[in-house]
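Reading through the structure tokens given below for one structure.
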Amino acid sequence: MKHKQILIATVALAMTVLFVAPMPAFARVGFGIVVGTAPPPPLVVGPVGVAPGPGYIWIDGYWDWVGGGWVWVPGRWVLPPSPRAAWIGPVYRHDHGGYRYFRGHWTRR
């Protein structure tokens, strides 16, 4: 009985560390999502305009894979999560008769 309690406590602790503990701001998964079709061509958009304040960067619009289909995410001004952060836009790669999609993410410069 005591061994069972220790085992349950160990598993609970491991689950907490793996799934509940906060992840670093720059953590990302290193594999893409396999999708059947290439994204449509980028939409043509108007002028970017002026940043709403100091430190903002422009992220171009891009196609995101959501719920089994491509959805356009419009360009926008954002504040990076830290002063040394850089945005890496999404990547779409032809892969064995389909496409592999790597979502955009923040990284350190």
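The values are calculated or read from the model by the stated rules, or taken from the named source; none is laboratory data. All values derive from a computational prediction rather than experimental measurement. Cβ placement follows ideal geometry from the backbone for every residue including glycine, while neighbour counts extend to all protein chains displayed.
Rundown of residues vs (1) part of a helix (DSSP H, G or I); (2) under 16 Å from the mean Cα position of the chain (by Cα); (3) modelled with pLDDT under 95; (4) of a type in the set (S, T, N, Q), yes/no style:
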residue	(1), (2), (3), (4)
6	yes, no, yes, no
9	yes, no, yes, no
15	yes, no, yes, no
18	yes, no, yes, no
27	no, yes, yes, no
37	no, no, yes, yes
45	no, no, yes, no
94	no, no, yes, no
100	no, yes, yes, no
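Per the conditions (1) within 23 Å of residue 48 (Cβ to Cβ); (2) surrounded by 15 or more Cβ atoms within 10 Å (Cβ to Cβ), the sole criterion not satisfied by residue 65 is (1). Any idea which residue in region 49-73 is nearest to residue 36 (Cα to Cα), counting only those that are without any contact (Cβ under 8 Å) to a residue 12 or more places away in the chain and in a strand (DSSP E or B)? By that ranking, first place goes to 69. Considering only residues in region 47-62 that are β-branched (Val, Ile, Thr) and surrounded by 11 or more Cβ atoms within 10 Å (Cβ to Cβ), the one that is modelled with the lowest pLDDT turns out to be 48. Would you check which residues across region 29-46 are within 26 Å of residue 99 (Cβ to Cβ) and surrounded by fewer than 10 Cβ atoms within 10 Å (Cβ to Cβ) and list them? Result: 29, 30, 31, 36, 40, 41, 44.
Counting only residues that are surrounded by 15 or more Cβ atoms within 10 Å (Cβ to Cβ), touching a residue at least 40 places away in the same chain (Cβ under 8 Å) and in contact with a Phe, Trp or Tyr (Cβ under 7 Å, 6 or more places away or on another chain), region 74-109 holds 6 of them.
Condition check for residue 81 on (1) farther than 16 Å from residue 101 by Cβ; (2) at pLDDT below 95: one failure, at (2).
Among the residues of region 74-92, just one is of a type in the set (A, V, I, L, M) and not in a strand (DSSP E or B), namely 79.
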